[in-house]
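Engineer: Below you will find the structure I want to go over with you.
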Amino acid sequence: MAENLAPNWRLREQRYQLVGNVCLKCGAKHFPPRQVCTECRGAEFEPFPFSGNGELYSFTTLRQAPSGFEDFAPYAVGMIKLDEGPLVEAMLTDVNQDDLEIGMRMEMVTRKIRAEGERGLLIYGYKFRPSGD
Amino acid sequence: MKPKRDVGIVGYGAYVPRYRIKASEIARVWGGAEEGMPIEEKAVPGLDEDTITMSVEAARNAMARAQINAQVLRAVWVGSESHPYAVKPSSTVVAEALGASGATLAADWQFACKAGTEAMQAAIALVGSEMADYALAIGMDTAQGRPHDALEYTAGAGGAAYVMGPAENALAVLEGSYSYVTDTPDFFRRTHQYYPEHGNRFTGEPAYFAHTLQATRNFMERMNFTPRDFQWAIFHQPNAKFPLQASAQLGFTRDQIVPGLLVNRIGNTYAGASLIGMTNVLDNAKPGDRILLVSFGSGAGSDVFSYVVTDKIVERRDLAKRTAWYLARRELIDYALYARFRNKLVMN
């Protein structure tokens, strides 16, 4: 039987479209979406699709990849400060690691994150790359 | 063929991966001749790319130019011969990524290299019949070529997406289309096989040339067109030689063909090949230009379309990355990296 179908399916909107949420009490925007606002402790939210644009806040290179990601190693991961506020951690793509610079403009792209083995689900989601802006 | 309701291209978008391998590098590995390559170099998908991810990016570019809400799309159709799943649609992932899921059709199309234009024909019919206002048609491939086979030199990666909609909102209005198919077994891939088989020279005269020439001649005759009526023409491009030869036989000049001829730089992108040639032409066309689009798919058949560019292209074509942006971002790799990226290494 295929595994991990429901957990991956539940995350499809945030993974494919970078949908977070916005606090209806104070207007703070969150990604990933939260159930309690970290700014005001509010508990009412609306979905909020982020633009996917931001700048590179920090980055490093993963050489010892976790299970399921071995084929990609070594690969860069980064923290991206989205234009709307939140910091997002993500794999970086379409870039030579020597060319990464803190502060460079980044954009979200949808890429294959990993595969659940030879027979299982292909998992897609957001990565970031330099936008060239 | 022409729908009762006038239809056109409302948005379009290209995608090409950033990696390239030179045909001469492939020849170096297999001891091939250094001269007479079918193309200069081809695009290679990265480890995290496939027909789904590439379709998503091309579709986002098309939607940016279309300037419509994804929820008004009533079809998301992906034509390819490299769908990541044998069973499970690529199109539902693309629809979900665009925010178009829910009240929409979604399906994957298969007709070798003309799967994308077949989806375009269907999208035209869906909008033209007023069953829908907008439909998305994509042709995209990460083409497979067996190591040491002639196809390995040309099997590239890339494609394009088109939002079809009412003519009054179009960047290019459809004048008519035509399709011509026969059962011609020039190229195929059986179930569970990783690489396709082909008929070498049989892919030429009885397949590519017979179908593209017949389809184009029939279309031009029915529409009362001559080659001089077109500013630009795009032909399916499995290599650099076939489209130049076919277009010359039909009476087109090299100047009409070159802007839509990308095969030397990205390889044969199969279901995406003619459609991405068209995006490069649209990126540079002027309002009033008439464009001929001719696809070919093994098995075999050819779709032909005539579009006239409208004034709207001027303000909308720079709302997304141009085809030239994807052609210019180019990271050259050697055969070893190519083998890794294309999963050709045996890990034991």
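The values are calculated or read from the model by the stated rules, or taken from the named source; none is laboratory data. As the structure is a computational prediction, the values presented were derived from the model and not from experiment. Cβ sites come from the backbone with ideal geometry, for glycine too, and all protein chains shown count toward neighbours.
Engineer: Can you tell me which residues in the range A:55-71 are closer than 16 Å to A:Glu89 by Cα and either in a strand (DSSP E or B) or within 14 Å of another protein chain (Cβ to nearest Cβ) (or both)? Even if it seems obvious, please write down each step before you answer.
Structural biologist: Our first condition is that a residue be closer than 16 Å to A:Glu89 by Cα; within the range A:55-71, this holds for A:55-62, A:65-66, A:69.
Within the range A:55-71, A:Glu55, A:Leu56, A:Tyr57, A:Ser58, A:Phe59, A:Thr60, A:Thr61, A:Leu62, A:Ala65, A:Phe69 meet the criteria.
Engineer: Any residue in the range B:323-334 that is touching a residue at least 40 places away in the same chain (Cβ under 8 Å) and within 12 Å of chain A (Cβ to nearest Cβ) sitting within a Cβ distance under 9 Å of a residue that is of a type in the set (Lys, Arg) and part of a loop (DSSP other than H, G, I, E, B)? List the pairs, counting only those 6 or more apart or interchain.
Structural biologist: Listed pairs, sorted by first residue: B:Tyr326/B:Arg18; B:Arg329/B:Arg18; B:Arg330/B:Arg18; B:Glu331/B:Arg18.
Engineer: For the list (1) in contact with a helix residue (DSSP H, G or I) (Cβ under 7 Å, 6 or more places away or on another chain); (2) surrounded by 22 or more Cβ atoms within 10 Å (Cβ to Cβ), I need the number of the one condition that B:Tyr307 fails.
Structural biologist: (1)
Engineer: A further question on this structure: Only one of these conditions is not met by A:Gln35: (1) under 16 Å from the mean Cα position of the chain (by Cα); (2) over 16 Å from A:Gly85 (Cα atoms); (3) more than 14 Å from chain B (Cβ to nearest Cβ). Which number is it?
Structural biologist: For A:Gln35, the failing item is (1).
Engineer: Out of curiosity, is B:Ser24 out of contact with any helix residue (DSSP H, G or I) (no Cβ under 9 Å at 6 or more places or on another chain) and assigned by TED's automatic domain parsing to the domain that holds B:Gln121?
Structural biologist: On the way: out of contact with any helix residue (DSSP H, G or I) (no Cβ under 9 Å at 6 or more places or on another chain): yes; assigned by TED's automatic domain parsing to the domain that holds B:Gln121: yes.
Spelling it out, B:Ser24 is indeed out of contact with any helix residue (DSSP H, G or I) (no Cβ under 9 Å at 6 or more places or on another chain) and assigned by TED's automatic domain parsing to the domain that holds B:Gln121.
Engineer: Filter the range A:74-110 down to the residues that are under 21 Å from A:Gln64 (Cα atoms) and within 10 Å of another protein chain (Cβ to nearest Cβ) and list them by number.
Structural biologist: A:Tyr75, A:Met91, A:Thr93, A:Asp94, A:Val95, A:Asn96
Okay, residues lined up against (1) closer than 12 Å to B:Gly299 by Cα; (2) not in a helix (DSSP H, G or I):
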{"residue": "B:Thr191", "(1), (2)": "no, yes"}
{"residue": "B:Tyr194", "(1), (2)": "no, yes"}
{"residue": "B:Glu205", "(1), (2)": "no, no"}
{"residue": "B:Tyr208", "(1), (2)": "yes, no"}
{"residue": "B:Thr212", "(1), (2)": "no, no"}
{"residue": "B:Asn218", "(1), (2)": "no, no"}
{"residue": "B:Arg222", "(1), (2)": "no, no"}
{"residue": "B:Arg228", "(1), (2)": "no, no"}
{"residue": "B:Ala233", "(1), (2)": "no, yes"}
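Engineer: Here's a follow-up. Mind telling me which of the residues A:Gly20, A:Gly78 ends up being under 23 Å from A:Asn96 (Cβ atoms), buried (at least 18 other Cβ atoms within 10 Å of the Cβ) and touching a residue at least 40 places away in the same chain (Cβ under 8 Å)?
Structural biologist: Matching residue, one of A:Gly20, A:Gly78: A:Gly78.
Engineer: Would you mind stating whether B:Phe219 is touching a Ser or Thr at 6+ places or on another chain (Cβ under 7 Å), among the aromatic types (Phe, Trp, Tyr) and surrounded by 15 or more Cβ atoms within 10 Å (Cβ to Cβ)? Break it down into steps so the answer makes sense when it comes.
Structural biologist: Details: touching a Ser or Thr at 6+ places or on another chain (Cβ under 7 Å): no; among the aromatic types (Phe, Trp, Tyr): yes; surrounded by 15 or more Cβ atoms within 10 Å (Cβ to Cβ): yes.
When the stated conditions are applied, B:Phe219 does not pass them.
Engineer: Could you pull out every one of the strands (runs of 3 or more DSSP E) wholly within the range B:40-109 that has 1 or more residues that are of a type in the set (Ser, Thr, Tyr) and touching a helix residue (DSSP H, G or I) at 6+ places or on another chain (Cβ under 9 Å)? Please lay out each step first, then the result.
Structural biologist: Working: elements: B:41-44, B:73-79, B:105-109.
Qualifying strands (runs of 3 or more DSSP E): none found.
The rows are residues; the columns are (1) surrounded by fewer than 24 Cβ atoms within 10 Å (Cβ to Cβ); (2) within 14 Å of chain A (Cβ to nearest Cβ); (3) without any contact (Cβ under 8 Å) to a residue 24 or more places away in the chain.
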| site | (1), (2), (3) |
| --- | --- |
| B:Pro89 | yes, yes, yes |
| B:Ala97 | no, yes, no |
| B:Ala100 | no, yes, no |
| B:Ala125 | yes, no, no |
| B:Glu130 | yes, no, no |
| B:Ala143 | no, no, no |
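Engineer: Within the range B:33-46, identify whether any single residue is over 19 Å from B:Thr154 (Cα atoms), assigned by TED's automatic domain parsing to the domain that holds B:Leu126 and touching a Lys or Arg at 6+ places or on another chain (Cβ under 7 Å), and answer yes or no.
Structural biologist: No, the range B:33-46 contains no residue that is over 19 Å from B:Thr154 (Cα atoms), assigned by TED's automatic domain parsing to the domain that holds B:Leu126 and touching a Lys or Arg at 6+ places or on another chain (Cβ under 7 Å).
Engineer: Kindly list, by first and then second residue, each pair from a residue in the range B:44-57 that is without any contact (Cβ under 8 Å) to a residue 60 or more places away in the chain and more than 7 Å from every other protein chain (Cβ to nearest Cβ) to a residue that is of a type in the set (Ser, Thr, Tyr) and part of a helix (DSSP H, G or I), limited to pairs with Cβ atoms under 6 Å and residues at least 6 apart or on different chains.
Structural biologist: No pair meets every condition.
Engineer: Turning to a different aspect of this structure: Do the conditions hold for A:Gly42, that is, is it surrounded by fewer than 15 Cβ atoms within 10 Å (Cβ to Cβ) and in a loop (DSSP other than H, G, I, E, B)?
Structural biologist: Details: surrounded by fewer than 15 Cβ atoms within 10 Å (Cβ to Cβ): no; in a loop (DSSP other than H, G, I, E, B): yes.
In short, no.
Engineer: Across the range B:102-123, what is the total count of residues that are away from chain A (no Cβ under 13 Å) and at positive phi? Walk me through how you get there before you give the answer.
Structural biologist: Quick first cut of the range B:102-123, residues away from chain A (no Cβ under 13 Å) only: B:103-123.
Checking the rest, the ones that are also at positive phi come to B:112.
Summing the residues that are away from chain A (no Cβ under 13 Å) and at positive phi in the range B:102-123 gives 1.
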